[in-house]
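Visitor: Please see the structure below; I have some questions.
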Amino acid sequence: MIQIGIVGCGVIGNRLAGAIADHDRYELAAACDLDADRAASLAADHGTDRTATTTDHASLVERDDLDAVYVGVPPLAHREVVADALAADKHVICEKPIAADAETGRELVALAEETDRVTAVNLPFRYTPGFVRLREAVAAGEIGEPRRVELRFRFPQWPREWQDVAWLESREQGGPLREVGTHFLFGVQELFGPIETVSADVGYSGPETYEDDVVGTFRADGVRGTIDLLCDHEGDEENSITVVGDEASLSLTEWYRLVRNRGREGEETLVDERGDTVRALLTEFAGAVDGDGGDLVSFAAATRVQEVLDAIHASEGDRVRPGAAAGGR
């Protein structure tokens, strides 16, 4: 049984805690949040009578009965909590994005390489049935030669109504690109490898607040891509990735539904199930802890995504090579 502690008891922390409670390889040993009531509530809902609570992550990671830590705090706090957990010889699952910027992500990659502990980032497309089918179909040539990959995001309200945390509004660590775009840029990386160049025109909602209008292009393995994001408008929320080939196109919408379009032949839904991606992550992580491999998203892979986000924020309409960007403006 893997004894795991959760640092950060918000919406995603509770989602992880529910999956931990339902998984036969894990037991929730401790919960930490700066808000003591939130930690206590998570422990009461998903833990056991042995689950400890605290407002100090340092005391949690030092527990002798703990094997692993899930880090679900805001991005600016990732480095401190991950570093302390690794220093305490704990395995680590970190919430996406890996950090608020790629420089910090690279520091975390270096820390992970200095230890034999298992590390992973929670990027669910690795396990989402619709995305897995999309990746396999593109690789098998089912749409012919890939010609374009298109990312489209629409947020009538940002942060969304259920996201009642102020940091998501900040340019420093929040915004829809870090919170949602990370998933889809990781998807591009899964399909075509590292994104090589980025050019974007970025508008912001205020001097220190999130991007609300992005139109950009990128290239990965010779395939051109587009990114189109708009916030604070009338309409429905949309998130999609579409790969257009010379024979057909595939679109993943609503996070899980995969549709194939063959032009005059019409559309066909190939996958219409969400899958339990959190359980899949926990199962793969447990396998890695046991020494049996494990299909996990590495800190390095997540940092390559963050390099693209940094390049988008740094772009002035000129092409920027991910990894060379100095950071957000």
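The values are calculated or read from the model by the stated rules, or taken from the named source; none is laboratory data. In this text, all values refer to a predicted model and were calculated from it rather than measured experimentally. We place every Cβ from the backbone using ideal geometry, glycine too, and count neighbours over all the protein chains shown. Only protein heavy atoms, including side chains, enter the accessible area calculation; ligands, DNA and RNA are left aside. Shrake-Rupley method; radii C 1.70, N 1.55, O 1.52, S 1.80 Å.
Visitor: Could you give the C-alpha radius of gyration of the stretch 173-264 expressed as a fraction of 2.2 N^0.38 Å, taking N as the number of residues it contains?
Guide: Its radius of gyration relative to the 2.2 N^0.38 Å reference: 1.17.
Visitor: Once every Cα of the stretch 190-318 carries one equal point scatterer and solvent is ignored, give the base-10 log of I(q)/I(0) from the Debye formula at q = 0.12, 0.14 Å⁻¹, two decimals.
Guide: Rounded to two decimals, the profile gives -0.69, -0.92.
Visitor: Further question on the same structure: For the chain, give the share of DSSP beta bridges that are antiparallel, in percent and rounded to the nearest 5; count only bridges with both residues there.
Guide: Beta bridges within the chain, antiparallel portion: roughly 60 percent.
Visitor: For the chain, with every protein chain kept in place, what is the accessible area per residue (1.4 Å probe, Å²)?
Guide: Accessible area per residue, the chain: 43 Å².
Visitor: Could you tell me what percent of the accessible area of the chain is made up of carbon and sulfur, with a 1.4 Å probe and every protein chain present?
Guide: In the chain, the share of accessible area belonging to carbon and sulfur is 42 percent.
Visitor: How large is Rg/Rh for the chain, to two decimals, with Cα atoms and a Kirkwood Rh?
Guide: With Rg and the Kirkwood Rh in hand, the quotient comes to 0.97.
Visitor: Just to confirm a number: summing +1 for Lys and Arg and -1 for Asp and Glu over residues other than T51 whose beta-carbon lies under 12 angstrom from that of T51, what do you get?
Guide: Result for the local shell: -2.
Visitor: Just to confirm a number: summing +1 for Lys and Arg and -1 for Asp and Glu over residues other than E237 whose beta-carbon lies under 9 angstrom from that of E237, what do you get?
Guide: Combined, the nearby Lys, Arg, Asp and Glu give 0.
Visitor: Can you give the local net charge around L111? Use residues other than it whose beta-carbon is closer than 14 angstrom to its beta-carbon, Lys and Arg +1, Asp and Glu -1.
Guide: Net of charged neighbours comes to -4.
Visitor: Per DSSP H run of n ≥ 4, the term is -39500 (n - 2.57); total these for the chain, divide by its residue number, and report the mean residue ellipticity at 222 nm rounded to 500 deg cm²/dmol.
Guide: -9500 deg cm²/dmol
Visitor: To continue, here is another question. In bins 10 Å wide, starting from 0, what share of all Cα pairs of the stretch 121-170 does each bin hold, as a percent?
Guide: Spelled out bin by bin, the stretch 121-170 gives 18, 30, 32, 17, 3 percent.
Visitor: Now a separate question. Per residue, how big is the convex hull of the stretch 104-207 when only Cα atoms are used? Give it in Å³.
Guide: 179 Å³
Visitor: Return the sequence-ordered ³J(HN,Hα) values of the stretch 73-82 in whole Hz as given by the Karplus equation 6.51 cos²θ - 1.76 cosθ + 1.60 applied to θ = phi - 60°, using x for Gly and Pro.
Guide: Ordered by residue, 3J(HN,Hα) equals 8, x, x, 5, 8, 4, 4, 5, 5, 4 Hz.
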